[in-house]
Amino acid sequence: MEFDAVLLLSFGGPEGPEQVRPFLENVTRGRDVPPERLDRVAEHYLHFGGVSPINGINRALIAELEHELGNRGLDLPVYFGNRNWEPYIEDTVTTMRDNGIRHAAVFTTSAWSGYSSCTQYVEDIAHARRAAGPGVPHLVKLRPYFDHPRFAQIFADTIGEAAGALTPEQQAGARLLFTAHSIPVSANERMGPQLYSRQVAYAARLVATAAGYAEYDLAWQSRSGPPQVPWLEPEVEDQVAALAAAGTKAVIVCPVGFVADHIEVVWDLDVELREQAEAAGMVLVRASTPNAHQRFAQLAVDLIDELRYGRPPERVSGPDPVPGCLASIDGQACRPPHCVAGQNG
């Protein structure tokens with residue numbers, strides 16, 4: 001399978017105070033989120049001047065992608081589209097059509113199967129192709145990559161870097177804590193069975209092993225639903241409180257569920273969770289996400305090469321592997337055996 005372009009498809013984020021509320025309304029449209037909840041979340045963005053780091057990180061990642069493509073002899077333009085903010089995927093796909101692009105690989109900034117992390121991006125692609133009309137390019141969404149060797153090693157290395165900020169005494173007693181975005185229990189069950197949480201747990205084990213940790217914890221963060229709706233547990237705040245109560249003096253937090261240091265990382269972990277840990281007498285250090293790391297760009301091109309050369313997916317071998325999927329073409333949901341998420345999403 002050959003391509004004449006790459007599309008980096010992401011979530012989107014505001015780039016000024018005046019964009020914060022419209023962006024949040026885009027994200028929550030149809031979900032009946034109370035206005036006061038949006039007001040609280042808006043304050044997180046305004047704390048950083050109303051600018052989410054995610055678009056800047058993605059632009060830097062595009063530069064790394066272009067460099068890595070060139071290293072492998074591929075002269076492909078890299079386009080940028082978002083689900084919830086400018087540049088919107090619909091506009092980007094229209095531009096690609098007008099530029100004569102015919103076959104593009106789509107790399108998403110989510111490593112997981114699941115609805116919002118995979119299937120919804122498939123839907124985004126289908127919607128953008130319909131909006132662009134005749135002559136629209138074929139778009140191949142690359143597979144989830146939670147078990148790719150580079151993904152595990154990037155996080156293992158950033159854990160080591162974070163641990164290096166602790167004193168030898170703190171390192172000796174530090175607890176490794178993985179986090180990922182929580183979702184409702186019902187949504188997790190629909191992805192058949194518990195696919196998202198199993199993938200996160202599997203990736204955490206791969207990363208911990210690569211980083212040299214036999215013991216660790218996994219918790220969930222950034223829930224936003226009503227209290228009567230069950231979400232994945234334990235919540236990260238409760239887990240940190242439990243560690244403090246058990247006498248833990250240092251914690252290394254690894255946001256394995258995220259590929260960029262966006263607001264839910266830099267606010268929820270670097271501000272709120274750190275304040276909680278410090279109030280409990282604990283030192284908290286955080287591992288970085290892949291962001292625009294050169295090896296993350298290499299991972300993306302690895303996925304492209306899997307399709308170009310017909311290679312089997314490159315995965316870290318481990319006990320009890322969790323299914324993912326291969327690729328989705330033109331916004332059509334994957335079908336078994338290729339994609340469990342597409343089957344059930």
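The values are calculated or read from the model by the stated rules, or taken from the named source; none is laboratory data. On a predicted model such as this, the values are computed, not experimentally measured, just so you know. As a convention, Cβ positions derive from the backbone with ideal geometry for all residues, glycine included, and neighbour counts pool all protein chains shown. SASA here: full protein model, heavy atoms, side chains in, ligands and nucleic acids out. Shrake-Rupley method; radii C 1.70, N 1.55, O 1.52, S 1.80 Å.
The spacing between region 161-179 and region 31-74, judged by their C-alpha centroids, is 28 Å. Selection among Y115, V20, V251 by position relative to the dipole of the chain gives Y115 as farthest towards the positive end (Cβ unit charges, Cα centre).
About its Cα centre, region 193-298 has a charge dipole of approximately 440 debye under the convention of +1 per Lys or Arg Cβ and -1 per Asp or Glu Cβ, with nothing else charged. Computed about the Cα centre, the dipole magnitude for the chain is approximately 880 debye when only Lys and Arg (+1) and Asp and Glu (-1) carry charge, each at its Cβ. Surface composition of the chain: carbon plus sulfur atoms hold 51% of the accessible area, using a 1.4 angstrom probe and ignoring ligands, DNA and RNA.
Helix 149-163 and the longest principal axis of the Cα set of the chain meet at an angle near 30°.
Solvent-accessible surface of the chain, taken per residue with a 1.4 Å probe and all protein chains present: 42 Å². Overall, region 147-252 carries a charge dipole of about 200 debye about its Cα centre when +1 sits on the Cβ of Lys and Arg and -1 on the Cβ of Asp and Glu, all other atoms neutral. For region 128-134, putting each phi into the Karplus relation 6.51 cos²θ - 1.76 cosθ + 1.60 with θ = phi - 60° gives couplings of 5, 5, 5, 5, 6, x, x Hz, in residue order, rounded to whole numbers and with x for Gly and Pro.
As a calculated quantity, the FRET efficiency between A172 and V229 at R0 = 41 Å, using C-beta atoms, amounts to about 0.55.
With R₀ fixed at 30 Å, the C-beta to C-beta distance from Q120 to E278 puts the FRET efficiency at about 0.25.
Computed from Cα positions, the angle between helix 195-211 and the longest principal axis of the chain comes to roughly 70 degrees.
Taking the longest Cα principal axis of the chain as reference, the axis of helix 35-46 is set at about 90 degrees.
Farthest towards the positive end of the charge dipole of the chain, among the residues H103, F11, L269, is the Cα of H103, using unit charges on the Cβ of Lys, Arg, Asp and Glu.
State whether region 224-297 is rounded, prolate or oblate according to the following rule on the C-alpha gyration tensor (a ≥ b ≥ c being the square roots of its eigenvalues): a/c under 1.5 gives rounded; otherwise a/b larger than b/c gives prolate, and the remaining case gives oblate. It comes out oblate by the Cα gyration axes.
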